[in-house]
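Each remark here refers to the structure printed beneath this line.
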Amino acid sequence: LGCAIVSVASACLFSVKLYPEAALVVAWLALLAATGAARARSAKQVTSFSFHVALANVSLLVGLATMFSWLAWLLLSDAVWGLATTERFHRELAPVFAEYRLSSWSQCADARASTSFHDGAVLSSCGKVELVTFLIWAAPAIIAAALVALAAFLWLRAWEMKKSKESGNDMVAQRVTFLLFFLICIFWMVCSTAGTSMGLSFSMLRGVLVMCVVFGVWLLGTVRVRSLWRGSANQVFWIALKPAVQSDWAKGAVLMCAGVLIAGLLVLQVLIRLAERACRKEGQHKWTTKRGARLLKSLRSWNWDRVLERAWAASFLFSMVAVILPRFTTLVLASLLDEVQDLELWLVTCVYCVCGLFLFMLPHVPGLVVYMGAGVILVSHFEKQGWAFGWGVAYASVVAMTLKLVSLAIQNKLFGKMLRDVKLIQQLAGVDSRWGRALSHVLRQPGITTAKVLLLIGGPDWPTGALTGLLGLGCGQIVLSA
């Protein structure tokens with residue numbers, strides 16, 4: 001764990017110009033390293049439960065003291081975040097402007113206000129400077145929040161220790177995962193809303209990535225992962241997902257996303273084993289630890305020809321979905337917007353409905369593309385008529401919702417009932433697949449249930465609509481549920 005923390009901290013320090021949040025990440029990793037060192041030194045004198053409780057109390061007190069000091073500084077120095085505060089910081093950040101090759105903040109203001117020419121490098125540097133300013137201003141609050149979160153985690157861990165002694169059931173992994181997911185969702189929504197120009201949401205996600213890596217290392221070294229794995233073997237959720245998780249596609253995706261981390265973990269296990277040999281500690285393997293040997297054994301069992309093929313295909317699909325398709329969709333919508341910009345609103349709405357209905361009839365086109373078209377085309381035309389932006393969003397939402405319900409009725413009647421004997425329609429709807437049978441089980445439930453409503457809203461558009469007709473479900477009930 002110490003080697004991992006030092007490696008990540010070094011990488012963050014060398015990339016601090018590109019990622020200004022790296023300094024806070026290093027401080028957080030240093031705190032975790034100090035905590036681990038303190039636990040290692042006090043392992044023989046203090047029980048794990050007492051250590052967690054004491055460290056939680058200290059973390060909470062320091063975090064609250066830091067937060068109250070920061071709030072007092074805001075009130076006494078009139079440093080509430082705003083234009084006056086940012087101007088005061090910008091006057092003191094001349095070295096930062098020089099590092100990003102900017103003269104002053106006026107250069108950023110002129111670049112952002114320009115409507116004829118946008119210098120991408122200047123705008124990116126301005127966003128970095130703005131992010132540096134905000135992180136300096138909010139650093140005490142961020143550190144205080146991190147200390148309070150650490151205290152909550154330690155209290156939860158201590159409570160689970162006490163509870164597991166009584167019941168033998170350790171639920172810390174599930175509870176911590178849920179807590180982290182809940183907090184990440186809240187902070188990401190706040191950062192996306194309040195810090196768009198400075199890229200605050202991306203900085204927050206990069207910090208979350210480092211936190212998840214540290215949490216994963218802690219999970220491997222602290223929680224009995226193998227017992228949790230054996231305990232989940234008989235769960236319905238795992239039984240349903242097991243074929244997909246153990247497939248070559250899943251292995252290829254893991255190799256694509258975490259190949260560097262896997263290689264780093266193997267190198268770390270080799271370094272740990274070399275350190276153990278230097279300390280004359282016996283081990284079952286000469287060049288790696290037990291965990292490294294298990295990982296190597298698992299990797300040797302893979303069919304590497306198929307896994308590498310799937311990894312390449314997954315990388316290509318990711319590039320298509322994340323890079324090419326969004327840009328292609330943007331270009332198509334922009335060209336369509338140019339073509340219809342001089343037409344009346346009712347005519348633009350008719351053109352959009354015809355194009356959207358055609359897209360809804362294609363099995364592999366997601367409904368998100370149609371909804372994006374409503375946001376780009378209809379809202380802009382509504383504003384040209386002199387209406388407010390909010391009314392334009394409401395109008396586009398009503399049109400898109402109506403188009404969704406009409407397409408669902410057509411999919412139910414045309415593809416589901418009139419063409420139910422066509423083999424191609426049955427294959428596209430996935431009648432005989434595992435997920436198709438799961439959809440059928442939910443859709444066959446009588447009445448309007450919560451599961452049916454959520455499936456009709458969030459399920460794949462064309463397969464779900466066609467499947468309702470193949471099952472003989474009434475069009476009126478399906479449209480009303482949606």
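The values are calculated or read from the model by the stated rules, or taken from the named source; none is laboratory data. None of the values given here were measured: they were computed from a predicted structure. When we count neighbours, we look across all protein chains shown, and the Cβ atoms used for this are built from the backbone with ideal geometry, even at glycine. Surface areas here come from the heavy atoms of the whole protein model, side chains and all, with no ligands, DNA or RNA. Shrake-Rupley method; radii C 1.70, N 1.55, O 1.52, S 1.80 Å.
What to note about this one:
- Cα gyration tensor category, rounded, prolate or oblate, for region 25-115 with a/c compared to 1.5: prolate
- Subset of LYS251/LYS286; LYS384/LYS404; LYS162/LYS452; LYS242/LYS413; LYS251/LYS290; LYS251/LYS281 violating a 31 Å alpha-carbon distance limit: LYS162/LYS452; LYS242/LYS413; LYS251/LYS281
- In Hz, Karplus ³J(HN,Hα) per residue of region 57-65 (6.51, -1.76, 1.60; θ = phi - 60°; x = Gly, Pro): 5, 5, 4, 5, 5, 5, x, 5, 4
- Cα gyration tensor, region 26-67 - rounded (a/c under 1.5), prolate or oblate: oblate
- Protection-proxy order for peptides 286-299, 397-410, each taking the mean of Cβ atoms within 10 Å per residue, highest first: 397-410, 286-299
- Under Karplus coefficients 6.51, -1.76 and 1.60, residue-wise ³J(HN,Hα) of region 122-133 in Hz, glycine/proline x: 5, 5, 5, 5, 5, x, 5, 5, 5, 5, 4, 4
- Ranking PHE49, PHE328, PHE97 from most to least accessible surface, computed with a 1.4 Å probe over the protein chains only, gives PHE328, PHE49, PHE97.
- Accessible area (Å², 1.4 Å probe, nearest 10) - GLU92: 130 Å²
- Region 359-416: C-alpha gyration tensor shape, a/c 1.5 cut-off, then a/b vs b/c: prolate
- Each label point was placed 7 Å from the Cα along the Cα-to-Cβ direction; for PHE49 and VAL267 their separation is 4.2 nm.
- Applying 1/(1 + (r/R0)^6) with R0 = 45 Å to the Cβ-Cβ distance of ALA293 and SER397 gives a FRET efficiency near 0.20.
- Ordered by solvent-accessible area of protein heavy atoms (1.4 Å probe), largest first, the residues MET372, MET418 come out as MET418, MET372.
- For VAL365, the amide hydrogen comes within under 5 Å of no other amide hydrogen, counting only partners 5 or more places away or on other chains and with H modelled in the peptide plane.
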